[in-house]
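Below: the structure, in structure tokens.
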Amino acid sequence: MEAIQFLSEASQIAQKELVALTPQLEEEIRRMHQAVLNGYDDVRASINLVSDTTMLTEVKKIVAEKRKLDPACIIVVGIGGSNLGTIAVQEAVLGKLYNQRDTSIQMLYADTVDADLIHDIITCVKPVLARGKHIILNGVSKSGGTTETIAIFEVLVDLIKEYTPDYAQYIVVTTDKESKFWHFAHEQGFTVLEIPKKVGGRFSVFSPVGLFPLGVCGIDIDLLLAGARVMRDRCLLPSLIENPAAHSAGLMYLHHKKGITIHDLFLFSTDLESLGKWYRQLMGESIGKEFDKNQKQVFEGITPTVSIGSTDLHSMAQLYLGGPYDKFTTFVRVKQNRNQMFIPDEPAYNTLVEGIQRTDMQVIMDAILDGVQIAFTKGHRPFTEIVLPDKSAYSIGQLLQFKMMEMMYLGFLLGVNPFDQPNVEAYKVETRALLMHEAHM
Ligand code: PA5
């Protein structure tokens, strides 16, 4: 099992500038070490999920119990931090077309109150239920009170009830202890999994939030956590050069100080698109802050964008290479795909595009990525690169842990609290007030 690499030669930040951040970052690295000793009592609690054997044993027990019910499908009901990590890992490890390719246990995600989406999900699962097959419903909400999640959950519980007399055993609720959802689930006899209090939504993929549904669909969650654990330990190292999270955060911070306001995560793998969306939330919510830690109004933030290679070169390369100097890019390269595909060796095709016959697609993709990086270098566009050995659970575990710790270090450098999201709460409160008002009209 290989370690992922972080390459920073083209970052356009001088080593001495980065190293100058060491005393500042050492302080936060010390706090991270303290957090490892504090278990779940620290805001950085999520870094301890990867070594929580009690939690893992409990999740694996419930996974085994529910898989024994021989489900045809699992529907994850949750939004934001409650489903983005799960989708990211599932698609990276099993592939974006998993549901079409593999019919063992389908994975469906119900995140928003879009009547057409929910109607389509019901249309997909009704015939399954009508054939006497079963589905697992996993309601995930840290707060236990997110309007979208609860609304969809209620609709889908009623659907399962209609077809399954002993329906309670097919429903799993993942939430904070003592939330309204927690009490409701217990009253109804549903299975309940707990999210540790101080583990926030966008840092919760290695808690039961991600581990349960990923385990049900057959992903090796031991391997996922093993990769994350190795990376957690790397990201606790005192040397910025050996610590990829602190290193990457330092580079982003220094670019931000020079006026770079956009960070693009450019993933050269279609299966990593949802991982990009997960990262977008991680950066958007952790760093985008109205107030700093001293309650001074700062309107801080770096705008996260996500690009997929080579697809988005055909829509965004013009802007990236010709547009304003306001972006810092992290490329993600996958060294080994799940499959090898060759272009046919047929002389008749030679007249179309030269030089590709008999070539492995991976070689073409690498040439495209290398070509983009040469163009970026010639255009003085700063970038770093993450090299993933493959898209195994072990590699993806490393990548997610790297990025979560990077965001903690970046929040620290920018002087904001990376663990809260007061403005997200603000819209939730307004929505609930409007709906209450409507209900009483
Ligand atoms: O990261 C966050 O905290 C948010 O994106 C939440 O995950 C999202 O709003 C869903 O909240 P909850 O899990 O409480 O339903």
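Numbers at a glance
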| quantity | calculated |
| --- | --- |
| Which numbered condition GLY355 misses (of (1) without any contact (Cβ under 8 Å) to a residue 12 or more places away in the chain; (2) of a type outside the set (S, T, N, Q); (3) part of a strand (DSSP E or B)) | (3) |
| Residues located in segment 265-316, provided they are charged (D, E, K, R), over 15 Å from the mean Cα position of the chain (by Cα) and crowded, with 20+ Cβ neighbours inside 10 Å | LYS289 |
| Residues of segment 112-137 satisfying the condition of being surrounded by fewer than 19 Cβ atoms within 10 Å (Cβ to Cβ) and either at positive phi or outside any helix (DSSP H, G or I) (or both) | THR112, VAL113, ASP114, ARG131, GLY132, LYS133 |
| Where GLY259 falls short, out of the listed (1) more than 16 Å from the ligand (Cβ to nearest atom); (2) touching an Asp or Glu at 6+ places or on another chain (Cβ under 9 Å); (3) part of a helix (DSSP H, G or I) | (3) |
| Qualifying positions in segment 401-441 - surrounded by fewer than 10 Cβ atoms within 10 Å (Cβ to Cβ) and not aliphatic (A, V, I, L, M) | TYR427, HIS437, GLU438, HIS440 |
| Unique residue being away from the ligand (no atom under 16 Å from the Cβ) and in a helix (DSSP H, G or I) when the list is LEU265, LEU237, LEU254 | LEU254 |
| Hits in segment 341-378 (condition: among the charged types (D, E, K, R) and either over 13 Å from SER310 (Cβ atoms) or surrounded by 14 or more Cβ atoms within 10 Å (Cβ to Cβ) (or both)) | ASP345, GLU346, GLU354, ARG358, ASP360, ASP366, LYS378 |
| When residues of segment 99-114 are limited to those that are touching a residue at least 40 places away in the same chain (Cβ under 8 Å) and away from the ligand (no atom under 16 Å from the Cβ), the one nearest to LYS142 (Cα to Cα) | MET107 |
| Identity of the residue in segment 138-155, touching a Phe, Trp or Tyr at 6+ places or on another chain (Cβ under 6 Å) and in a strand (DSSP E or B), that ends up farthest from VAL76 (Cα to Cα) | SER141 |
| Total residues in segment 184-207, condition of a type outside the set (A, V, I, L, M), part of a helix (DSSP H, G or I), out of contact with any Asp or Glu (no Cβ under 7 Å at 6 or more places or on another chain) and within 15 Å of the ligand (Cβ to nearest atom) | 3 |
| Number of the condition not met by VAL89 [criteria: (1) over 17 Å from the mean Cα position of the chain (by Cα); (2) under 29 Å from PHE412 (Cα atoms); (3) in a helix (DSSP H, G or I)] | (1) |
| Residue that is nearest to the chain's Cα centre (by Cα) [pool: residues in segment 38-57 that are over 11 Å from SER207 (Cβ atoms) and in a helix (DSSP H, G or I)] | ILE47 |
| Cross-chain or 6+ apart pairs with Cβ under 8 Å, segment 184-203 first and under 26 Å from MET404 (Cα atoms), then within 13 Å of the ligand (Cβ to nearest atom) and among the acidic types (Asp, Glu) | GLU194/ASP176; ILE195/ASP176; LYS197/ASP176; GLY200/ASP420; ARG202/GLU285 |
| Close pairs (9 angstrom Cβ cut-off, 6 or more residues apart or separate chains): closer than 11 Å to THR147 by Cα in segment 423-440, modelled with pLDDT of 85 or more anywhere | LYS428/SER143; LYS428/GLY145; LYS428/THR146; LYS428/THR147; THR431/THR147; ARG432/GLY145; ARG432/THR147; LEU435/THR147 |
| Unmet criterion (only one of (1) farther than 16 Å from GLN295 by Cβ; (2) in a loop (DSSP other than H, G, I, E, B); (3) modelled with pLDDT under 95) for ASP420 | (1) |
| Test for THR174: is it within 16 Å of the ligand (Cβ to nearest atom), β-branched (Val, Ile, Thr) and either touching a helix residue (DSSP H, G or I) at 6+ places or on another chain (Cβ under 9 Å) or under 23 Å from SER274 (Cβ atoms) (or both) | yes |
| Residue check for LYS391: part of a loop (DSSP other than H, G, I, E, B), under 30 Å from GLU148 (Cβ atoms) and of a type in the set (Lys, Arg) | yes |
| Qualifying residue in segment 208-215 (condition: more than 16 Å from the ligand (Cβ to nearest atom), at pLDDT 95 or above, surrounded by fewer than 17 Cβ atoms within 10 Å (Cβ to Cβ) and assigned to a helix (DSSP H, G or I)) | no |
| Any hit, segment 139-157, residues being touching a Cys at 6+ places or on another chain (Cβ under 9 Å) and either within 15 Å of the ligand (Cβ to nearest atom) or under 22 Å from LYS60 (Cα atoms) (or both) | no |
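Residues are listed down the side, and each one gets a yes or a no for (1) more than 27 Å from LYS198 (Cα to Cα); (2) among the small types (Gly, Ala, Ser); (3) surrounded by fewer than 17 Cβ atoms within 10 Å (Cβ to Cβ):
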{"residue": "ILE47", "(1), (2), (3)": "no, no, no"}
{"residue": "ASP52", "(1), (2), (3)": "no, no, no"}
{"residue": "THR57", "(1), (2), (3)": "no, no, yes"}
{"residue": "LYS60", "(1), (2), (3)": "no, no, yes"}
{"residue": "ILE75", "(1), (2), (3)": "no, no, no"}
{"residue": "GLY78", "(1), (2), (3)": "no, yes, no"}
{"residue": "GLY81", "(1), (2), (3)": "no, yes, no"}
{"residue": "GLY85", "(1), (2), (3)": "no, yes, no"}
{"residue": "ALA88", "(1), (2), (3)": "no, yes, no"}
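The values are calculated or read from the model by the stated rules, or taken from the named source; none is laboratory data. These numbers come from a predicted model, not from an experiment. Here the Cβ is made from the backbone with ideal geometry for all residues, glycine too, and neighbour counts use every protein chain on show.
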